[in-house]
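The values are calculated or read from the model by the stated rules, or taken from the named source; none is laboratory data. For clarity, every value in this text was computed on a predicted model and none was experimentally measured. Virtual Cβ from ideal backbone geometry, glycine too; neighbours counted across all protein chains shown. Note: areas computed on protein heavy atoms with side chains; ligands, DNA, RNA excluded. Shrake-Rupley method; radii C 1.70, N 1.55, O 1.52, S 1.80 Å.
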Amino acid sequence: MTPATPGTYTDAQLRSFGTAAHDIQPLNAQLSSPDAATKNAAVEQVRAILARNNLDAATYNAIAQQAQADPALAARIASLSPPNSAG
């Protein structure tokens with residue numbers, strides 16, 4: 001799969017991204033762990049989350065990078081994300 005062209009993400013992709021990001025966020029500490037077993041377990045969990053949300057890593061990362069640089073895209077993702085992801 002190739003990632004979508006920047007700026008052409010569907011609402012469904014952005015909704016999936018928001019859900020996946022919410023589920024992945026608690027794993028960030030484990031992903032940067034110096035312990036290989038901990039890190040590998042977290043990577044497997046991330047892969048499962050992405051698969052469950054019909055996203056590949058390239059698309060997830062592309063949306064994340066674009067959302068950091070584009071406040072309008074970040075706002076669109078926030079508006080599509082489930083209400084339970086609000087802090």
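A few notes on this one:
- Of the residues examined, residue 77 is not one that is in a helix (DSSP H, G or I), surrounded by 12 or more Cβ atoms within 10 Å (Cβ to Cβ) and under 10 Å from the mean Cα position of the chain (by Cα).
- For segment 5-23, a residue qualifies if it is of a type in the set (A, V, I, L, M, F, W, C) and either surrounded by 15 or more Cβ atoms within 10 Å (Cβ to Cβ) or in contact with a Gly (Cβ under 7 Å, 6 or more places away or on another chain) (or both), and the qualifying residues are 14, 17, 20, 21.
- Among residues of segment 24-59 being assigned to a loop (DSSP other than H, G, I, E, B) and over 19 Å from residue 9 (Cβ atoms), the one that is least open to solvent (accessible area, probe 1.4 Å) is 33.
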